[in-house]
Amino acid sequence: MKIDNPLALLSLLVFFAGCATIQSAGELQYGRQALLGGNNEAALGYFQSAANRDPNYIYATGSSPKQSVWSYVGRSEYLTGRFPQARQTLERALSSSNTDEDIARLYLGLTLAREGDRQRGLKEIESGMRGINSFRDYINQAQRFSIGQFWDPARDIRGAIQSDLAMISGKDLDWQRLTADTEWLGIRMEQESDLARRQEAFENNRDSAGAPSR
C-alpha cells in the first residue's frame, strides 16, 4: 500500500506506535504476574516480547518507581541464571533510562556479585537500597493523604533496608544473607505498589458506601 499524503503517513505511524505501546503494556503486566508467581521463565518471555515491541516502554503507576522494560528483562535474566545477559541488559537500563532505576541497580549488584565482582556489586546494591528508601520516604510524605498511607505501613521494607545498610557498613558482611535480602527486596517492591493500590481502592469504596472509616 502506497501512501502519498505525508499527514496520513504520519497518522498511520502514530497509530502503529500507539498499538505497540498498548501491546507492550499488556505483555509487561502478564510478565509481572508471572514474576510475582515465581514463574521466571514465563516472565522473561513476556518481558522480552514487550521490549521487542516497544524498547522505550516505561512502566509507571504513580505508586511505584518508574521502571523501563529493560529493567524487567534484566531482572528476569538474573532470576533464570543468565548472568552475562542480565549484566548487559541491566547496564543498558541504567544507561538509557531517565528514571531512577533503583530496582535495576539492586539486580545489577546481585549479578556482578554472582560473576565475582563483589566490590562493585556491593556498591550497586547499597546505592539501590538507598534510592528505594528515598522513594519510600517520598511517597509516604508527598502522598500521605492518599496512597502514601498504604505504602509499606508495617515498615517491613524500611526495616529490612536499614538492617542491611548497617550490615554493609559494618565489619561482618554476610553475603548469603545480603543476597537473600536483596532478592526479597526486589520482589517485595514489585508487590508493594499493587498492595497499596488495592488497599487504597478498598478504603475509597468503603468510604463512598458510607461505612465508618478506621
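The values are calculated or read from the model by the stated rules, or taken from the named source; none is laboratory data. Since the model is a prediction, treat every value here as computed from it, not as a measurement. Cβ coordinates were reconstructed from backbone atoms using ideal geometry, including for glycine residues, and neighbour counts include every protein chain displayed. Just so you know, the surface numbers come from the protein's heavy atoms only, side chains and all, with ligands and any DNA or RNA stripped out. Shrake-Rupley method; radii C 1.70, N 1.55, O 1.52, S 1.80 Å.
Can you find a residue that is in a helix (DSSP H, G or I) and open to solvent by less than 40 Å² (accessible area, probe 1.4 Å) anywhere in region 50-65?
Taking every residue of region 50-65 in turn, at least one turns out to be in a helix (DSSP H, G or I) and open to solvent by less than 40 Å² (accessible area, probe 1.4 Å).
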Q.
Take SER76 and tell me if it is assigned to a loop (DSSP other than H, G, I, E, B) and either open to solvent by less than 10 Å² (accessible area, probe 1.4 Å) or among the acidic types (Asp, Glu) (or both).
A. no
(Q) Can you say whether SER68 is closer than 27 Å to ASP137 by Cβ and crowded, with 19+ Cβ neighbours inside 10 Å, as far as the supplied structure shows? (A) yes
Q.
Please verify whether GLN162 is touching a helix residue (DSSP H, G or I) at 6+ places or on another chain (Cβ under 9 Å), surrounded by 12 or more Cβ atoms within 10 Å (Cβ to Cβ) and under 25 Å from GLN119 (Cα atoms), treating the condition exactly as stated.
A. yes
**Q.** Residue within region 149-158 that is in a helix (DSSP H, G or I), at pLDDT below 90 and either open to solvent by 40 Å² or more (accessible area, probe 1.4 Å) or within 22 Å of ARG198 (Cβ to Cβ) (or both) present
**A.** yes
Q: Specify the residue that is nearest to the chain's Cα centre (by Cα); the eligible residues are those in region 101-135 that are free of Cβ contacts under 8 Å to residues at least 24 places away in the same chain and surrounded by 15 or more Cβ atoms within 10 Å (Cβ to Cβ).
A: GLU124
